[in-house]
Amino acid sequence: MLDLSTLTTEQRNPLTLELDTFSAMQIAEAMNLEDSNAVKAVGHTLPQVAQAIELAAKCLSAGGRIVYLGAGTSGRLGVLDAVECPPTFGVDVGAVVGLIAGGKNAFVEAQEGAEDDALQGEKDLRGIEITERDFIVGLTASGRTPYVLGGLTYARKLGCKTAAIACVPSSAVGEIAELAIEPVTGPEVLTGSTRLKAGTAQKLVLNMISTGAMTLSGKVYQNLMVDVKQTNEKLHARARNIVVEACNCDPEVASAALEEADGSVKLAVTSILLGLPADQAAEALAASGGHVRQALKESSEC
């Protein structure tokens, strides 16, 4: 029988021993307090998170991918972060991948036993043909999920950069990965329910890794999503507003620049700020590796 009693994520929270007697307001207050502790726990891991951001950005620049590997809530959080990257940052589908134990169906229907198959973690990584250029991030609140352990072990053998995100100290998965990110969130309001603050902590870390890596990769100018994809009416309006904000121009000017740039926000911004037609602005962007600020700097130095 597996002994979970030593895991902080499985221990009882002394502040909520009488949870079943709490009023609705008391439940909300208790959970809000514990969520604030999750934020503090992540704060203690920022040096490691920064390393993960740099590793992710380097892998992307080398043509590699960010691959999240997890089970249950952890796996779903990885899938969620992965699927939001293409529309937000304009990367290709597949640049950021989320793998969950039990496959796609496990995202909407719990398949708890799937996490115990270490070999399946390796099989799933083989299935997407990972290479040493990829950055593999294992997610497990308990730090011991076999599916993740098996996947990370295989990734290390291939020479991939690897990181582990767990919510316990000195985790088993952290020992396997090159980089361990361990926000120690402690006992949950509801004992053992790591979809709560442990899940919150993991989501915070994933937000930092993907947003940070994309920012370092030139997908952001100022704090604007200049590579956003215009896939609906709201995003068309957002694209125009981004150009207006970045260039301090009228909406009509922004719309005209976007049309000339075939809808590329980044190209429209660069074109306006450099005072160049779209084709010449595209050359400046290419020379700067797709970084708007660098393109502006290099142009001013010419």
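Odds and ends about this structure:
- Share of carbon and sulfur in the accessible heavy-atom surface of the stretch 1-110 [1.4 Å probe, %]: 59 percent
- The chain, helix-only ellipticity at 222 nm - DSSP H runs n ≥ 4, -39,500 (n - 2.57), divided by all residues, nearest 500: -16500 deg cm²/dmol
- Volume per residue for the stretch 108-157 equals 90 cubic angstrom (convex hull of Cα atoms).
- Against the rule of thumb 2.2 N^0.38 Å, how large the Cα Rg of the stretch 251-302 comes out: 1.02
- Nearest-10 value in Å² for the accessible area of CYS85, using the 1.4 Å probe: 0 Å²
- Ellipsoid equivalent to the stretch 72-190 - semi-axes via the Cα gyration tensor, in Å: 20, 18, 15
- Exceeding the 28 Å Cα-Cα cut-off - candidates LYS58/LYS297; LYS197/LYS234; LYS229/LYS297; LYS123/LYS229: LYS197/LYS234; LYS123/LYS229
- The stretch 155-205 shape via C-alpha gyration tensor axes, a/c threshold 1.5: prolate
- Solvent-accessible area per residue in the chain equals 49 Å², computed with a 1.4 angstrom probe and all protein chains kept.
- Rg and Dmax over the alpha-carbon atoms of the chain stand at 21.8, 71 Å.
- Paired Rg and Dmax values of the stretch 187-302, which use every Cα atom, in angstrom: 18.3, 62
- DSSP-defined beta bridges in the chain - what % are antiparallel, rounded to 5: 5 percent
- For the stretch 122-234, the Stokes-Einstein estimate of translational diffusion at 10 °C and a viscosity of 1.306 mPa s comes to 102 µm²/s, using the Kirkwood hydrodynamic radius over alpha-carbon pairs.
- Approximate spin-label separation SER300-LEU80, in nm, with each point projected 7 Å along Cα-to-Cβ: 4.0 nm
- Longest site-free stretch - the chain; sites: GluC sites (Glu not before Pro), DSSP loop, at most 12 other Cβ within 10 Å: 133-302
- Of interest is the spacing of the C-alpha centroids, which for the stretch 198-261 and the stretch 50-119 amounts to 21 Å.
- For the stretch 1-113, the average shadow cast by the Cα convex hull is 10.5 nm², which is a quarter of the hull's surface.
The values are calculated or read from the model by the stated rules, or taken from the named source; none is laboratory data. These numbers come from a predicted model, not from an experiment. Ideal geometry is used to build each Cβ from the backbone, glycine not excepted, and the neighbour counts take in all protein chains shown. Just so you know, the surface numbers come from the protein's heavy atoms only, side chains and all, with ligands and any DNA or RNA stripped out. Shrake-Rupley method; radii C 1.70, N 1.55, O 1.52, S 1.80 Å.
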